[in-house]
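These notes are about the structure you will find just below.
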Amino acid sequence: MRIPFYQVDAFTNRPFAGNPAAVCPLPEWLDDATLRKVAAENNLSETAYLVSREGFYDLRWFSPRCEVELCGHGTLASAYVLLDILRPELRKVRFETRFNGALSVHKEGDRFVMDFPAMPPQVCVNPPEFLACALGASASPLNILEANRNYVVVYENCSSVRSLRPDFEMLGHLHPFGVIVTAPGVARPEDEVDFVSRYFAPSYGIPEDPVTGSSHCALAPYWAQRLHKTNLHALQMSERGGELWCEIAGDRVILKGNAVLTMQGALHI
């Protein structure tokens, strides 16, 4: 069987930055074991699978180890493949997902605009005692919150986030939780960044995710409330780096970002 394959760098406007995702359009769904094997073969943080339906697309995402419930960069990459390559006559696409219902994406200039559910973080009553140690932090966190099976660890400044040296084996014991770390942003020469973040999920086969769209479903509501603004510019401080523009719209978060194609071919299974 021949499966079309596209590798797209999401949340960036240049190759070899942002977060690479594989996108594989399918005529119909394959069994889950095969989807997992293909994702492991691709060895990217996520592989997105698309199946065309009448007026929309089914969408699922797999890490190298398992299916994930929500993936921002995989959704952005899928929209890029459809709106820029396979269906350029379209200006908007609707995805139906297993765990979060309908997600829509449209183009706004050279950016893709995604409509995601807001997931405001809540107080974490019993955070793991070893969490700060496992992050390899030189400073103590200001707060530890919880959102959508992620710990949200808040630091005083972006240098604390940048200097983290995580122990991925220790963080792997937090499964099914991942860890979002965040801090206020800084004014860069070219523009202002409202907040920064990093994301770790070693138990899902993702030691550090380069850019995590889904984590901003929690980060955007948190920073919107803290900074008293509804439009925010975010920077994820991984080695590859990436940026998002976030807007609060009631119980939804609008995430905007760029994408570039870096590879195209086919898988044979």
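Rule-based calculations on the coordinates, nothing more; no lab input. It should be emphasised that the depicted structure is a prediction, and the values quoted were computed from it without experimental measurement. Because the Cβ atoms are built from the backbone with ideal geometry, glycine has one as well, and the counts that use them run over all protein chains shown.
Per 0.36 nm of contour for each residue apart, how much would the distance between Asp115 and Asn231 grow if the chain were fully extended, relative to their Cα-Cα spacing? Could you put the intermediate results ahead of the total?
Details: separation 116, 0.36 × 116 = 41.76 nm, distance 1.41 nm.
Difference between extended and current length: 40.3 nm.
How far, in degrees from 0 to 90, does helix 216-227 lean away from the longest principal axis of the Cα atoms of the chain, to the nearest 10?
Its long axis makes an angle of about 40 degrees.
Each residue of the range 126-139 in order: what ³J(HN,Hα) in whole Hz does its phi give by Karplus 6.51 cos²θ - 1.76 cosθ + 1.60, θ = phi - 60°, with x for Gly and Pro?
10, x, x, 4, 8, 4, 4, 5, 5, 7, x, 7, 8, 10
Consider a paramagnetic label point 7 Å from the Cα of Leu267 along Cα→Cβ; state which residues of the range 16-30 have an amide N under 18 Å from it.
Zone members listed by number: 20-30.
Each residue of the range 98-113 in order: what ³J(HN,Hα) in whole Hz does its phi give by Karplus 6.51 cos²θ - 1.76 cosθ + 1.60, θ = phi - 60°, with x for Gly and Pro?
6, 10, 10, x, 7, 10, 10, 9, 9, 9, 9, x, 9, 9, 9, 10
Tell me whether the range 1-106 comes out rounded, prolate or oblate; compute the Cα gyration tensor, take square roots of the eigenvalues as a ≥ b ≥ c, and use a/c under 1.5 as the rounded threshold.
Here the range 1-106 falls in the rounded category.
May I ask you to evaluate 6.51 cos²θ - 1.76 cosθ + 1.60, the Karplus curve with θ = phi - 60°, for each residue of the range 73-82 and list the ³J(HN,Hα) values in order in whole Hz, giving x for glycine and proline?
Calculated HN-Hα couplings, in order: 6, x, 5, 4, 4, 5, 5, 4, 4, 6 Hz.
Give me the extension gain from Asp58 to Ala187: residue separation times 0.36 nm, minus the current Cα-Cα distance, reported in nm with one decimal.
Extending this stretch completely gives an extra 42.5 nm.
Once a ≥ b ≥ c are taken as the square roots of the eigenvalues of the Cα gyration tensor of the chain, is the result rounded (a/c under 1.5), prolate (a/b larger than b/c) or oblate (a/b not larger than b/c)?
Working: a/c = 1.79, a/b = 1.40, b/c = 1.28.
Note, shape of the chain comes out prolate.
Please give the peptides 103-114, 121-132 ranked by average Cβ packing (other Cβ atoms within 10 Å per residue), highest first, as a rough proxy for protection. Before the final figure, lay out the partial values.
Details: 103-114: 16.7, 121-132: 13.5.
So the peptides 103-114, 121-132, ranked by packing, come out 103-114, 121-132.
If each DSSP helix of 4+ residues adds -39,500 (n - 2.57) and the sum is divided by the residues in the chain, what number results at 222 nm, nearest 500 deg cm²/dmol?
Value at 222 nm, helices only, nearest 500: -4500 deg cm²/dmol.
Can you compute the charge dipole magnitude of the chain about its Cα centre, using +1 on each Lys and Arg Cβ and -1 on each Asp and Glu Cβ, nothing else charged? Give it in debye, rounded to the nearest 20.
240
In terms of the Cα gyration tensor, with a ≥ b ≥ c the square roots of its eigenvalues, is the range 122-249 rounded because a/c is under 1.5, prolate because a/b exceeds b/c, or oblate?
Verdict is prolate for the range 122-249.
Mind checking the full-extension length gain between Ala33 and Ala249? Use 0.36 nm per residue of separation minus the Cα-Cα distance, one decimal, nm.
Here the segment from Ala33 to Ala249 would lengthen by 74.0 nm.
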